[in-house]
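The values are calculated or read from the model by the stated rules, or taken from the named source; none is laboratory data. As the structure is a prediction and not an experimental result, all values here were calculated from the model. Using ideal geometry, Cβ is built from the backbone for each residue, glycine included, and neighbour counts are taken over all protein chains shown. Just so you know, the surface numbers come from the protein's heavy atoms only, side chains and all, with ligands and any DNA or RNA stripped out. Shrake-Rupley method; radii C 1.70, N 1.55, O 1.52, S 1.80 Å.
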Amino acid sequence: MKKFKFLLIAAVAMLFATVTADAQQKEPMLKLPSVVGSNMVLQHSTTVNIWGWAKPRATVKVHPSWLNVKKPLKVKANEEGFWILPVQTLAAGYTPYTITIKAGKELKELKNIVFGEVWLCAGQSNMEWPVRKTPDMKEELENGTNDKIRLYCTGRTGSATPKNDVPTQKRFKAAWRVCNSKSLSNFSAVAYGFGKDLQEALDVPIGLIDASFGGSTIEAWLSKETIAKDKRLASYTKKLYKRKQIHKRPTYLYNANIYPIRHTTVAGTIWYQGCSNVGKSQYTRMLNTLIKSWRTEFRNPEMPFYIVEIAPHTYNGVTGARIREIQGRVADRTSNCELVVTNDQNQIPGDIHPPKKWDVAHRLSACALAAHYKKSDKEFRSPAYESMMVEGNSVRVTFKNVPTTLAQSGEGRINGFQLGVQDPNNPKKIQFSVAEARIEGNQVVVWADGVTAPTAVRYCYNEDMGNVISAEGLPLRAFRSDKSNSASARPYVEKPCEAGVKFEGVGFTRTTFTEGAPLWSNHTFVVGSVYPKEFEGFELLVPVAAEKGQPTAGGRITAKEDGKIYIITFNQPRVRKDWKILTSTYSRCNKDGKARGVCYVAEREVKAGEVVELPILKNRWGVLVLAKSIEY
């Protein structure tokens, strides 16, 4: 009998333990989105939303510690368990508060909450670009702790359907973090620089929400409902859902990055995107739609929206210039919308990621401090085209947004201007030539050798890097005085040095640099129709492309006199270490004639007799030697 009682007690104990374990493993019903959490910044002096999920039809009690109430605020969850509660916030300040949320026996406490300014920072890789990779922000990581700035990143994720919360990834968890060296390391450099400027100028806490994804198209940031309302956009995006990359599929980034945070109250948005839409249509429509829809989404019809234009790169013809023109036009025609100009930011030709992010951040914060916060009376808009007047064989251009005078950045020639004349064979076209220029106050006089009776003028309406600024330091905005679809002249390239070289290497073939010249002797790639004509007729040593995974062929160049030597190569750190990337040249496959890629002419200063080793690259496309004459 005793043995039976012992077995019965043991069985009951085991059953109780099993039930207890099941109860412990049962998923909690009270949940909050990651954007509602400890360390968050809430927009001050307004009504914000606190939301989450509980048991369907449950009563949720919310107690914000800053409200002088004896009883907590109550809200009832709907049939799906969703609940949302508007809460009044205090004036901006550094005093931390808590929020206690209770549903049944479940309890959550959010700590270290402050009131300040909250900004959404969105776009593609130049917005995503982290502080740790930004040379002019190294000191920020060394002294990164600043509890007055809070950081939240939605991650790099997408979804076919709208998500209630940012999807959790293996190596990333969305959460509010106090700014320190660790949390700042992988955070957006542009967003952080912008936020730091605001924090110092306004002396209030700053909350930064980084929603960026490298390589993303603008259509990926639009909701399905927004696209469906516009027949043109619906038709345009119909086939794009089949794209392999999630960051290029319509709605995918909106669903995983914007929809989950849509109830958040934000002061404004900074937007740095456009590269992935170069050469594609409907960008004007999509940018206008994105601004309007996000203002609706965040319940702020006049929400500030500041656009960073894409910097010069290697976009073919005027395709990049057209995107910049669209960005500027949208900013000009939209209330509370400004353009940040970046045509002076291509420090490394061919690099799609200009390394100096502080300049961009400062220009964005200048927009916010002057236009939105009214804390500055300094000119924050870049000089922009106003009018032109033909004076004989030159053109005088007048600009607006110039408080004092224009100036030139750096030494040498004024770069970026082109002068156009009517095409004698086509009345709808204009022929453009690289031009010279001089500054006279808020005007620029432009002329070009051999050009008479000019009819149009352009500035950086290609991939030229500009060097005209206002005396206040803001770069002149790119423009075209004409409305034609004419091609621009190629960016200016200094007349190359004609010094000869001696080359020692194995497996190279001699040819002449011109359209159709081979780039690798064992492949079908040749020089395309777009290449620097300044080097036309130079001798070219073409290598054999290495097998995949093998290093490229090496060799050594000996300079026969003082001057510069040249190679054709790829834009890689190994090359940039000792060579200056000069200009791009396009390749094509001679089988089908289609453009296949971009390589670059790079230069290096040398002394007579100096020996330079050819860069050896990790990819299989070797480096070509380019010179007026080559001893080989």
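Among the strands (runs of 3 or more DSSP E) confined to the range 127-214, there are none with at least 3 residues that are open to solvent by 60 Å² or more (accessible area, probe 1.4 Å) and among the hydroxyl-bearing types (Ser, Thr, Tyr). Tyr315 passes every criterion in (1) assigned to a loop (DSSP other than H, G, I, E, B); (2) open to solvent by 10 Å² or more (accessible area, probe 1.4 Å); (3) at pLDDT 95 or above apart from (3).
Just one of (1) under 35 Å from the mean Cα position of the chain (by Cα); (2) open to solvent by less than 20 Å² (accessible area, probe 1.4 Å) fails for Thr95. It is (2). Do we find a residue being closer than 15 Å to Val48 by Cα, surrounded by 18 or more Cβ atoms within 10 Å (Cβ to Cβ) and modelled with pLDDT of 95 or more anywhere in the range 101-113? Yes.
The number of residues in the range 288-315 that are of a type outside the set (Ser, Thr, Tyr) and over 23 Å from Asn462 (Cα atoms) comes to 15. Is it the case, given these coordinates, that Phe380 is among the aromatic types (Phe, Trp, Tyr) and open to solvent by 20 Å² or more (accessible area, probe 1.4 Å)? So Phe380 fits the description; yes. Among the residues in the range 336-357, are any surrounded by fewer than 19 Cβ atoms within 10 Å (Cβ to Cβ), under 22 Å from Ala201 (Cα atoms) and under 16 Å from the mean Cα position of the chain (by Cα)? The answer is yes; a qualifying residue exists. Among residues of the range 426-482 being β-branched (Val, Ile, Thr) and surrounded by fewer than 22 Cβ atoms within 10 Å (Cβ to Cβ), the one that is nearest to the chain's Cα centre (by Cα) is Ile469. For the range 371-426, the strands (runs of 3 or more DSSP E) that sit wholly inside it and include 3 or more residues that are touching a residue at least 24 places away in the same chain (Cβ under 8 Å) and under 17 Å from Asn343 (Cα atoms) are 406-408. Kindly indicate whether any position in the range 225-235 is in contact with a His (Cβ under 7 Å, 6 or more places away or on another chain), modelled with pLDDT of 95 or more and of a type in the set (Gly, Ala, Ser). Within the range 225-235, not a single residue is in contact with a His (Cβ under 7 Å, 6 or more places away or on another chain), modelled with pLDDT of 95 or more and of a type in the set (Gly, Ala, Ser). Scanning the range 283-293 for residues that are open to solvent by 20 Å² or more (accessible area, probe 1.4 Å) and closer than 13 Å to Glu325 by Cα yields a single hit, Thr284. Kindly evaluate Thr168 against the criterion of being at pLDDT below 95 and in contact with a helix residue (DSSP H, G or I) (Cβ under 8 Å, 6 or more places away or on another chain). When the stated conditions are applied, Thr168 does not pass them. Here is the figure for the range 576-632: residues that are among the β-branched types (Val, Ile, Thr) and more than 21 Å from Met465 (Cα to Cα) total 7. Of the conditions (1) more than 30 Å from Glu200 (Cβ to Cβ); (2) of a type outside the set (Phe, Trp, Tyr); (3) open to solvent by 50 Å² or more (accessible area, probe 1.4 Å); (4) at pLDDT 95 or above, Ala77 clears all except one; give me its number. So Ala77 meets the others, but not (3).
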